[in-house]
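Readers should treat all values here as calculations from the given coordinates under stated rules, not as data from a laboratory. Owing to the predicted nature of the structure, the values given are computational and were not obtained by experimental measurement. As a convention, Cβ positions derive from the backbone with ideal geometry for all residues, glycine included, and neighbour counts pool all protein chains shown.
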Amino acid sequence: MKNYNNFKINKDKSFAKVICNFFGNLFFTYCVIIALALILFSSVTIECEVRGSSMYPTLNSVSQTKNDIVFVNPYNKDLNYGDIVVVGLENENIIKRVVGLSGDTIDIVFDEYEYKLERNGKIIVENYINYTQNPTIPNDHKNGMHKTYENFQNLKENKPELFDNGKLVVPDNSIFVLGDNRAVSLDSSVYGTFDMSKFVGKVEKTLYASESEFSFYYYYILNGEFFVTLFSLF
């Protein structure tokens, strides 16, 4: 006589084994994909530590041992206004925000009660710049643009070839960049435009000093943003 109870037990064990193997293989495949993706990501991006306060409050240099880290893509040269990039000087790299592209006219003008950025004849609203609430600082100095204006006037004298009718014209294959903390930033208002040969890379992702590396990669991978960034590199 056949033992149907034993057959049922063996069938249940076989089904459980199939399920375990399926999810085990799925987990292994996922781990391999993540590992390969991380290796690929690290091979095509440059890790840069933020030093100084020229990009405050967007990016911070907290201390000598704990600062924001940016991951820079040297291959993505499809730039738009507002992108954060790293460009090279003679002895160092600096991180700034793109505010002007090839063919743009740039000026620093006084509008209402403070200096502002003008691009192609239009005042640009820049919500990302450092704006102090210190009551002892005059209103026209609160956004730090008075310093950018001073630098810009000096640039007119030092590099008049960049200007036409008092306004800077961004040359072909070049960008105009400013720091978010305008009161202290040394940027295109000082050095002039940057040719794309000085382009180091575009910031794709930031590991903030307040984050742990584990939580950064954990959530970055789980929410799928990691793969979106990875695919954008190519």
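Dipole magnitude of the stretch 50-209 about its Cα centre, charges +1 at Lys/Arg Cβ and -1 at Asp/Glu Cβ only, in debye to the nearest 20? Please list the in-between numbers first.
Values: 17 positive and 22 negative charges, 89 e Å.
I would put it at about 420 debye.
Need one word for the stretch 50-209: rounded, prolate or oblate. Basis is the Cα gyration tensor (sqrt eigenvalues a ≥ b ≥ c); a/c below 1.5 gives rounded, then a/b vs b/c decides. Display every interim value, and only then the final one.
Working: a/c = 1.78, a/b = 1.10, b/c = 1.62.
Oblate, since a/c reaches 1.5 and b/c is not below a/b.
Filter the cross-link list Lys77/Lys202; Lys122/Lys147; Lys77/Lys116; Lys116/Lys147; Lys122/Lys167; Lys96/Lys198 down to pairs whose alpha-carbon distance in this structure exceeds 18 Å.
Checking Cα-Cα distances, Lys122/Lys147; Lys77/Lys116 exceed 18 Å.
Leu26 versus Tyr128, label points 7 Å from Cα toward the beta carbon: distance in nm?
3.9
List the GluC sites (Glu not before Pro) within the stretch 65-156 that DSSP assigns to loop and that have no more than 15 neighbouring Cβ atoms inside 10 Å. If you can, show how the numbers build up before the last one.
Working: sites: Glu90, Glu92, Glu112, Glu114, Glu118, Glu126, Glu150; in loops: Glu90, Glu92, Glu112, Glu126.
Answer in residue order: Glu90, Glu92, Glu112.
Output wanted: per-residue J couplings in Hz (rounded whole) for the stretch 87-98, from phi through Karplus 6.51 cos²θ - 1.76 cosθ + 1.60, θ = phi - 60°, x for Gly and Pro.
Per-residue couplings from phi come out as 10, x, 9, 5, 10, 7, 9, 10, 10, 9, 10, 6 Hz.
Taking a cut-off of 16 Å between Cα atoms, list the aspartates and glutamates near Lys142, but don't count ones fewer than 8 places away on the same chain.
Asp111, Glu112, Glu114, Glu126, Glu150, Asp180
Check cross-link reach from Lys17 to the lysines: straight Cα distance under 29 Å, and skip same-chain residues fewer than eight apart.
Lys2, Lys8
Explain nothing, just the number: relative contact order of the stretch 50-209, from Cα pairs under 8 Å at least 6 residues apart, as a whole percent. Intermediate results must be reported in sequence, preceding the final value.
Working: 330 pairs, mean separation 56.9, N = 160.
Contact order relative to length: 36 percent.
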